[in-house]
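Following: one structure in structure tokens, then a few remarks.
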Amino acid sequence: MNDPQPFRTGTLVLVVGPSGAGKDSLIDYARQRLLDVPYVVFPRRTVTRSESDFEDNLTMSETEFDDAAAAGAFALSWEAHGLAYGIPKAIEADLAGGSSVVVNVSRMAIEPARAKYRPLRVVVVSARRDVLFERLNARGRESSEEIARRLDRADLVSVTGKDVTVIDNSGPIDVAGEAFVSLLQGCIRGRQER
């Protein structure tokens, strides 16, 4: 079996972190700030969950998702918390065209992405435990005990590597947002130097 050739022009930016850290809020902030900047793409991921006010995803049934995955519709896919997630295959054309592609993924998707795409950046969005608890509680999806267990599991996982940047999103969104925008602007400059 031949290994896929890694894409060498655009940067794949994986945004990871525990539930409630504000990954989607950070991505939305950057999307608005970089609206008129070429070469930054923010594709929507597909999830087998009904639509939510807290996430901007495309939704599919489990059967539709399985069929799409079997047809090669996803560049990356994974399962977490009883749901399936997928990043559209179309990102490969964006990367080949030199765009930085910003996606919200599970930590489980990092190693498969590292094996397949270069250059790659991992942005770990963090927040204090009390902030995470408050944000998850506001969603109303889980009991306090379930939230505490989720946060305990998140504490056990760390993401490391030379390609990792940690952004604390405990405070105002514009503080973490500007740090994220600066990182993405660096990816754009890096593209121009390649």
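Contact annotation: residue pairs with Cβ atoms under 9 Å, 6 or more positions apart or on different chains, pairing a residue in the stretch 68-80 that is over 15 Å from Ala115 (Cβ atoms) and surrounded by fewer than 14 Cβ atoms within 10 Å (Cβ to Cβ) with a partner that is at pLDDT 95 or above and not hydroxyl-bearing (Ser, Thr, Tyr), are Gly72/Lys89. Figure legend. Inter-residue proximity from the stretch 97-112: first residues farther than 19 Å from Tyr39 by Cβ, second residues open to solvent by 20 Å² or more (accessible area, probe 1.4 Å) and polar (S, T, N, Q), beta-carbon distance below 7 Å, spacing 6+ or different chains. No pairs are indicated. Restricting to the stretch 1-30, and then to whatever is more than 12 Å from the chain's Cα centre (by Cα) and of a type in the set (S, T, N, Q), can you tell me which residue is modelled with the highest pLDDT? Ranking the qualifying residues of the stretch 1-30, first place goes to Thr11.
I'd like to know if the stretch 39-56 contains one or more residues that are open to solvent by 50 Å² or more (accessible area, probe 1.4 Å) and among the small types (Gly, Ala, Ser). Working first, answer last.
The first filter runs over the stretch 39-56 and keeps only residues open to solvent by 50 Å² or more (accessible area, probe 1.4 Å), leaving 39, 44, 49-51, 53-54, 56.
Those left that are additionally among the small types (Gly, Ala, Ser): 50.
There is at least one residue in the stretch 39-56 that is open to solvent by 50 Å² or more (accessible area, probe 1.4 Å) and among the small types (Gly, Ala, Ser).
Regarding the stretch 117-139, can at least one residue be identified that is of a type in the set (D, E, K, R), over 17 Å from Pro18 (Cβ atoms) and at pLDDT below 95? First the steps, then the outcome.
From the stretch 117-139, those of a type in the set (D, E, K, R) are 118, 121, 128-130, 134-135, 139; that's our starting set.
Of the ones still in play, those that are also over 17 Å from Pro18 (Cβ atoms) are 118, 121.
Now restrict to residues that are at pLDDT below 95: 118.
Yes, some residue in the stretch 117-139 is of a type in the set (D, E, K, R), over 17 Å from Pro18 (Cβ atoms) and at pLDDT below 95.
Of the conditions (1) closer than 16 Å to Ala21 by Cα; (2) polar (S, T, N, Q); (3) open to solvent by 50 Å² or more (accessible area, probe 1.4 Å), Ser106 satisfies every one except a single condition; which number is it? Ser106 satisfies every listed condition except (3).
Among the residues of the stretch 123-148, the one identified as surrounded by 16 or more Cβ atoms within 10 Å (Cβ to Cβ) and over 23 Å from Val175 (Cα atoms) is Ile147. The listed residues are Leu95, Leu151, and the only one of them that is closer than 15 Å to Ala21 by Cβ and either open to solvent by less than 20 Å² (accessible area, probe 1.4 Å) or touching a His at 6+ places or on another chain (Cβ under 7 Å) (or both) turns out to be Leu151.
The values are calculated or read from the model by the stated rules, or taken from the named source; none is laboratory data. Because the structure is a prediction, the values reported are computed rather than measured. When we count neighbours, we look across all protein chains shown, and the Cβ atoms used for this are built from the backbone with ideal geometry, even at glycine. For accessibility, only protein heavy atoms count, side chains too; no ligands or nucleic acids. Shrake-Rupley method; radii C 1.70, N 1.55, O 1.52, S 1.80 Å.
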